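Participant: One structure follows; several queries about it will come next.
The values are calculated or read from the model by the stated rules, or taken from the named source; none is laboratory data. Quick caveat: nothing in here was measured; it's all calculated off a predicted structure. So basically every Cβ, Gly included, is an ideal-geometry build from the backbone, and we count neighbours across all protein chains shown.
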Amino acid sequence: MEIEKTNLEGCLVLKPKVFQDKRGYFFESFNQRTFNDVTGLNINFIQDNESFSTKGVLRGLHFQTGDKAQAKLVRVIKGEILDIVVDIRPGSKTYGKYFAIELTESNKKQLFVPRGFAHGYIVLSDTAIFAYKCDNYYDKGSEGGIIFNDPDLNIDWKLDEADFIVSEKDLVLPKLQDLNI
């Protein structure tokens with residue numbers, strides 16, 4: 001497994017070693033020991049989640065706060081997405097900055113999202129299956145979010161906003177500057 005640092009401290013891109021031949025491919029999508037060794041982290045993932053979405057579905061930007069915050073390891077099983085993380089750690093030198101990466105079924109890249117980041121994605125392909133591991137359980141009382149079109153973030157979501165499919169809940173999220181964390 002190869003590790004690539006991003007412009008946001010602690011946020012990492014993981015590239016698994018993929019074995020391909022005429023039968024198809026095989027790769028180890030997660031191994032706790034390897035993850036700890038290559039990242040230098042000791043994260044205990046306790047929950048796996050999966051979602052299916054169609055083109056234009058935008059989920060995010062979400063986070064959990066306090067002792068319910070979550071680190072995530074995200075990847076795409078089928079399709080293509082644009083994955084976005086925003087640093088919301090008060091005092092961080094990259095506070096309010098974001099990192100974007102295309103995660104696809106063919107590149108098999110994974111993104112490690114540390115605690116203290118908002119996370120979201122948009123589906124670029126006709127459909128996508130998105131999977132992620134969390135190091136803490138979901139807690140509704142600790143959830144928060146940032147509106148996807150916050151002008152201060154100026155995120156290029158790669159699709160026309162008129163084609164976005166966004167939940168009612170995500171349409172009323174506050175701007176980053178209005179967060180209370």
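Participant: Name the single residue that is farthest from Ala69 (Cα to Cα) among those in the stretch 138-166 being touching a residue at least 40 places away in the same chain (Cβ under 8 Å) and exposed (fewer than 11 other Cβ atoms within 10 Å of the Cβ).
Facilitator: The residue in question is Asp156.
Participant: Tally time: how many residues in the stretch 83-132 are farther than 24 Å from Lys17 by Cα, acidic (Asp, Glu) and crowded, with 17+ Cβ neighbours inside 10 Å?
Facilitator: Qualifying residue count for the region: 1.
Participant: Which numbered condition in (1) without any contact (Cβ under 8 Å) to a residue 40 or more places away in the chain; (2) among the hydrophobic types (A, V, I, L, M, F, W, C); (3) outside any helix (DSSP H, G or I) is the only one that Phe35 fails?
Facilitator: (3)
Participant: Can you tell me which residue is nearest to the chain's Cα centre (by Cα) among those in the stretch 70-128 that are assigned to a strand (DSSP E or B), of a type in the set (Phe, Trp, Tyr) and closer than 15 Å to Thr6 by Cα?
Facilitator: So in the stretch 70-128, the residues assigned to a strand (DSSP E or B) come out as 72-78, 80-87, 98-104, 110-113, 117-123, 127-128.
If we keep only those that are of a type in the set (Phe, Trp, Tyr) as well, we get 98-99, 112, 117, 121.
Filter again for closer than 15 Å to Thr6 by Cα, leaving 98-99, 112, 117.
On the way: Tyr98: 11, Phe99: 10, Phe112: 7, Phe117: 9 Å.
Per the criteria, the residue is Phe112.
Participant: Which of the residues spanning the stretch 44-69 are among the acidic types (Asp, Glu) and within 14 Å of the chain's Cα centre (by Cα)? Steps first, answer last, please.
Facilitator: Of the stretch 44-69, the ones among the acidic types (Asp, Glu) are 48, 50, 67.
Once the filter is applied, which keeps residues that are among the acidic types (Asp, Glu) and within 14 Å of the chain's Cα centre (by Cα), the stretch 44-69 yields Asp48, Glu50.
Participant: Same structure, new question: What do you reckon, is Asn180 on the phi > 0 side of the Ramachandran plot and surrounded by fewer than 16 Cβ atoms within 10 Å (Cβ to Cβ)?
Facilitator: On the way: on the phi > 0 side of the Ramachandran plot: no; surrounded by fewer than 16 Cβ atoms within 10 Å (Cβ to Cβ): yes.
Considered against the rule, which asks whether it is on the phi > 0 side of the Ramachandran plot and surrounded by fewer than 16 Cβ atoms within 10 Å (Cβ to Cβ), Asn180 comes out as no.
Participant: Let me ask another. Specify which of the listed residues (Thr6, Thr34, Thr39) is β-branched (Val, Ile, Thr), at pLDDT 95 or above and surrounded by 12 or more Cβ atoms within 10 Å (Cβ to Cβ).
Facilitator: Details: Thr34 fails: at pLDDT 95 or above; Thr39 fails: at pLDDT 95 or above.
The conditions single out Thr6.
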